[in-house]
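Below is one structure, written out as structure tokens, with a few remarks after it.
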Amino acid sequence: MTRSDWSDEELGMRRGITRRDFLDGVAVSIGAVAAGSLLGGTASADSRGSYYPPALTGMRGSHDGSFEIAHSLRGGTFWDNAGSPDSTGESYDLVVVGAGISGLSAAHFYLRDVNPRARILILDPHDDFGGHAKRNEFRVGGRTLIGYGGSQSIDAPSAYPAEAKRLFTDVGIDVQKFFTYFDRSFYRRNGAGGRAVFFAKEQWGRDHLAVGTSAAQLLADAPMDAEAKRLLIEVLDTPRDYLPDLTPEQKVERLGQISYGTYLSQVVGLTGDAYRYLEGSTLGGAGVNVDQFPSLDAAAQGYSGMSGLGLDFSGGPWPGLSKSGQRFWGNEDPYIFHFPDGNASVARALVRKLNPRALPGSTMEDLVTSPCDYRKLDNPGSRTRIRLNSTVVLAKHRPDGKTLDVAYVQGGKLYSVRAGGVVLACWNAMIPHIAPDLSDAQKAAGHQAVKYPLIYANVALTNWRAWQRLGASGISFPDGYWKSASLDFPVSMGEYRFSAGPDDPIIVHFATALTNPGLNPQAGAKAGRGQLARTPFAELERSIRDMLARTLGTHGFDPATDIAGLTTNRWAHGYARYYGLPFDAAFWPAGPTPADIIGTPVGRITVATTDQANHGFVDGAIESAYRAVQYLGGHL
């Protein structure tokens with residue numbers, strides 16, 4: 001991680017920032033964040049209760065307290081001293097494990113398609129619902145800023161399967177409205193329409209910041225050797241055909257045999273600085289580095305160095321493409337389908353549908369600004385109850401085979417409820433430890449469900465004048481710890497208004513993925529996860545302040561005074577595993593994949609996650625929930 005000569009005092013490490021008392025996810029007094037965190041600041045803590053997780057800062061995402069029980073279960077030590085669970089006496093038609101978009105969708109589909117009068121309990125280990133679709137709020141200069149702490153956008157909605165499109169209709173989401181909500185020319189009109197690249201001295205020998213619209217401009221004075229610079233400019237600006245002796249069909253076959261990293265290094269000829277510049281270019285989209293990413297998918301999705309190959313896109317998707325490559329094939333949707341809190345509003349729309357008393361309102365606009373009353377999520381009078389801070393440790397059929405016992409830990413105590421059916425909408429890697437009724441083959445498959453670690457950080461700024469002076473709304477950091485920093489998406493909806501200009505507060509979004517290169521994707525993810533676990537919030541905060549100071553300091557940015565709040569969302573288990581060639585040739589595309597195996601229903605237990613979809617997008621979460629519920633509807 002980069003560390004300059006800026007002192008802690010200069011970076012503002014000792015200055016108070018919004019709700020700074022929530023470092024490392026430890027809430028000393030959760031009630032302290034409730035008052036004044038709504039739009040307009042008119043609601044008091046008493047009007048909605050003192051529990052309001054979106055306003056917590058510090059280390060969020062997989063926060064402290066959300067994973068320790070699961071780790072002890074995985075490590076085989078949990079049951080040593082757990083004892084027997086205390087029965088709550090509660091009985092439900094359906095228990096859903098996981099309150100992410102998969103779990104919430106499963107509850108909706110069950111009520112809509114199986115039993116509209118069903119009683120449903122959703123259990124989740126986090127202090128907020130949504131899973132990776134996380135909402136972060138800040139109060140700056142008398143206004144509330146809302147950012148996304150995980151799942152970012154409704155990506156390529158025209159490619160969604162029918163069941164996902166219908167769910168959006170069910171919960172009142174009309175993606176066409178984003179053509180009005182999203183101001184696509186905002187940064188260009190306000191003098192920040194360029195892009196920037198920052199070469200840090202720790203990796204490149206000297207600090208160097210470049211702004212431009214082409215690789216030739218961005219790399220003109222870059223700290224790398226001349227040949228590397230020449231090759232990169234060619235690959236990025238005017239790529240040629242690097243497989244001239246092959247037909248388009250032969251090129252597709254060849255690309256299916258190698259990684260994107262191999263294509264760049266052995267086919268294109270990038271080595272040294274040139275290869276290092278692009279090594280992490282796939283992390284943002286897939287969570288893996290170029291040597292862990294399928295070359296065939298890089299070609300289908302238009303990654304650097306591919307456009308000159310003259311490939312045939314006129315037919316259907318090429319054989320062997322990953323599910324992501326298939327869903328993006330020929331898709332021309334603009335990247336504008338974004339709520340201010342990302343896909344947290346998709347989760348909120350589902351919660352509103354399941355429990356309107358907890359989240360009132362009726363439109364897409366008030367979905368963003370309506371406060372959720374967390375006291376009402378687990379109300380006994382609700383047909384669907386959402387019970388947070390509850391880690392499931394067991395889901396097992398009773399001897400009659402018609403009901404199940406579901407045990408969970410909440411507040412350090414072990415409880416159990418009765419269920420007529422169970423949807424495991426949680427990480428597939430945890431399922432072998434939760435569901436003993438699964439076969440050995442299914443448990444082995446679950447252990448292969450390795451997710452890729454990442455961090456999404458939100459930084460609330462009092463203004464963005466320095467960005468305007470820079471002339472860019474985003475900065476990339478080749479070979480750096482952080483991969484990018486960008487000003488928030490310019491989205492205004494109803495009463496929520498985006499920054500009107502550079503004098504207004506704004507959120508800057510930092511992102512990184514931590515799958516280590518040089519290893520297979522699963523081993524790289526595990527190594528990166530270990531690095532993530534060893535990195536405290538204070539170190540992440542300092543690195544963010546440091547990067548902003550070094551890139552924007554000469555343009556008038558002061559990290560000690562211009563930063564009003566900072567939240568890091570740590571996702572040790574982030575993007576779903578990316579099945580593709582050549583890495584998964586043993587079962588891809590013919591199948592069955594490990595996700596197919598563990599997802600085979602057992603009695604009254606089904607599985608629904610993005611793992612099941614073989615890609616990490618929202619429609620995959622919804623699609624897998626639909627399949628799981630349709631099975632239960634036909635077998636209960």
Item to complete: Return the residue satisfying two criteria in turn: it lies in segment 358-376 and is of a type in the set (Ser, Thr, Tyr) and in a loop (DSSP other than H, G, I, E, B), and of such residues it is surrounded by the fewest Cβ atoms within 10 Å (Cβ to Cβ).
Response: Ser362
Worksheet item: Failed condition for His71, given (1) outside the structural domain of Thr384 (by TED's automatic domain parsing); (2) in a helix (DSSP H, G or I); (3) more than 25 Å from the chain's Cα centre (by Cα), with all others met?
Response: (3)
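Given segment 104-191, what helices (runs of 4 or more DSSP H) lie entirely inside it while holding 1 or more residues that are in contact (Cβ under 8 Å) with a residue 40 or more places away in the chain, hydrophobic (A, V, I, L, M, F, W, C) and out of contact with any Phe, Trp or Tyr (no Cβ under 8 Å at 6 or more places or on another chain)?
On the way: elements: 162-171, 178-181, 186-189.
In segment 104-191, the matching helices (runs of 4 or more DSSP H) lie at 162-171, 178-181.
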Practice prompt. Considering only segment 266-296, state which residues are part of a loop (DSSP other than H, G, I, E, B) and surrounded by 24 or more Cβ atoms within 10 Å (Cβ to Cβ).
Written response: Leu270, Thr282, Gly287, Val288, Asn289, Phe293
Worksheet item: For segment 1-17, how many residues meet the condition of being at pLDDT 80 or above and part of a helix (DSSP H, G or I)?
Response: 3
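The rows are residues; the columns are (1) modelled with pLDDT of 95 or more; (2) touching a Leu at 6+ places or on another chain (Cβ under 9 Å); (3) among the small types (Gly, Ala, Ser).
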| position | (1), (2), (3) |
| --- | --- |
| Arg387 | yes, yes, no |
| Thr391 | yes, yes, no |
| His397 | yes, yes, no |
| Gln410 | yes, yes, no |
| Ala435 | yes, yes, yes |
| Lys451 | no, no, no |
| Leu461 | yes, yes, no |
| Val491 | yes, no, no |
| Phe498 | yes, no, no |
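Within the bounds of segment 238-248, is there any residue that is in contact with a His (Cβ under 9 Å, 6 or more places away or on another chain) and surrounded by 14 or more Cβ atoms within 10 Å (Cβ to Cβ)?
No; the residues of segment 238-248 include none that is in contact with a His (Cβ under 9 Å, 6 or more places away or on another chain) and surrounded by 14 or more Cβ atoms within 10 Å (Cβ to Cβ).
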Discussion item. Just to be sure I understand the filter: pairs with C-beta atoms under 7 Å, separated by 6 or more residues or on different chains, first member in segment 426-451 and more than 22 Å from Ile622 (Cα to Cα), second member of a type in the set (Lys, Arg). Which pairs pass?
Written reply: Pro432/Lys443; His433/Arg74; Pro436/Lys396; Asp437/Lys396
Worksheet item: Here is a list of conditions, (1) within 29 Å of the chain's Cα centre (by Cα); (2) among the charged types (D, E, K, R); (3) part of a helix (DSSP H, G or I), and Arg254 meets all of them except one; can you say which number that is?
Response: (1)
Item to complete: Sort out which residues of segment 461-477 are crowded, with 23+ Cβ neighbours inside 10 Å and either under 19 Å from the mean Cα position of the chain (by Cα) or within 20 Å of Glu279 (Cα to Cα) (or both), and write them in order of number.
Response: Ile475
Worksheet, complete the sentence: Counted residues in segment 86-103 being in a loop (DSSP other than H, G, I, E, B) and either outside the structural domain of Asn428 (by TED's automatic domain parsing) or closer than 20 Å to His126 by Cβ (or both) come to 2
Practice prompt. May I ask you to say which residue of Ser50, Ser37, Ser66 is part of a loop (DSSP other than H, G, I, E, B), at pLDDT 50 or above and in contact with a strand residue (DSSP E or B) (Cβ under 9 Å, 6 or more places away or on another chain)?
Written response: Ser66
Discussion item. For the condition at pLDDT 95 or above, in contact with a Gly (Cβ under 6 Å, 6 or more places away or on another chain) and of a type in the set (Gly, Ala, Ser), what is the one hit in Ala549, Ala564, Ala560?
Written reply: Ala560
Discussion item. So, Ile622, is that one touching a residue at least 60 places away in the same chain (Cβ under 8 Å), buried (at least 24 other Cβ atoms within 10 Å of the Cβ) and in contact with a Gly (Cβ under 6 Å, 6 or more places away or on another chain) or not?
Written reply: no
Discussion item. Is it the case, given these coordinates, that Tyr160 is farther than 30 Å from Glu234 by Cα and surrounded by 19 or more Cβ atoms within 10 Å (Cβ to Cβ)?
Written reply: yes
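The values are calculated or read from the model by the stated rules, or taken from the named source; none is laboratory data. Note that this is a predicted model, so its numbers are computed, not measured. Positions of Cβ are generated from backbone atoms using ideal geometry, with glycine treated the same way; all protein chains shown enter the neighbour counts.
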